[in-house]
Every structure is written in C-alpha cells, then in structure tokens.
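One structure below.
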Amino acid sequence: MIEATIDGEVVAYSDICTHAGCPVPDAKDGTGMFCPCHSGQYSPTEGGIVAGGPPPHKLAQLPIVAEGDSIKVSGFFLTHPYPYTDDATWEATKQAAEEA
C-alpha cells in the first residue's frame, strides 16, 4: 500500500501550479495555497483541490512515509503533475521511467 499522508495530517504536494507552471508557495497559515501568477487557489486540507482561479487540475500529491525523524518521498506523484496534461501521458512516462 502506498502511503500518501502521515497520521492523516502531513501531506506533500507539487509546488507547481497546474495552470501555467508557476511556483505555489506553502500554506503557512493553513488557509490555502495561492499561485501569485494568475490567482490560482488550492486547498491542501482537501487533497490539493482547486479552490479558485484558473487551474484545471488539483495539485499533484506525492506519496510520503515517516522514517525516524525524517519524511521521505516513497514513489511517483499519485496524479499527473504539471506539465502533463492527462493521466494517460503521465502513466506512460512513469512506466518508461520504471523500465529504464
């Protein structure tokens, strides 16, 4: 089983907006993640869903695990990250990487 959260509270998302690839700063106050380029808004407490603005997809989430005092990425993104436009292209890219 792939872990995506630690204790249901710690998550890791791509920090690249799915609209135009701009960096999305961390949600330091817990209210959301906001892209400064075109006002895209994401909700990290709801799976990185789009909460406003032009982004076409939620933020891609990374599977993570706790190892001692460290948090480590345990696999590929769970959904396609920017600049992949659909799951089929992302799955083909992942398969090619795994076979290399």
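The values are calculated or read from the model by the stated rules, or taken from the named source; none is laboratory data. The shown structure was predicted, so the numbers you read here are calculated from the model rather than taken from an experiment. We work out accessible area using only protein heavy atoms, side chains counted, and drop any ligands, DNA or RNA first. Shrake-Rupley method; radii C 1.70, N 1.55, O 1.52, S 1.80 Å.
Under 5 Å between amide hydrogens, built in the peptide plane, is the criterion, and for Y13 it picks out L62 among residues at least 5 positions away or on other chains. Measuring only protein heavy atoms, the 1.4 Å probe finds Y13 accessible over about 40 Å². Normalised per residue, the accessible area of the chain is 62 Å², obtained with a 1.4 Å probe and no contribution from ligands, DNA or RNA.
In the chain, the portion of solvent-accessible area held by carbon and sulfur atoms comes to 53 percent [1.4 Å probe, whole percent, DNA, RNA and ligands not counted].
Straight-distance candidates among the lysines for linking to K94, with alpha-carbon spacing under 22 Å and chain neighbours fewer than 8 residues away dropped: K58, K72. Annotation: amide H-H contacts under 5 Å for G52 (H modelled 1.01 Å from N, sequence separation of 5 or more, or interchain): Q41. Given (1) 15.8; (2) 7.2; (3) 9.8, which label gives mean projected area of the Cα convex hull in nm² as computed from the coordinates? Label (2) holds the value from this structure.
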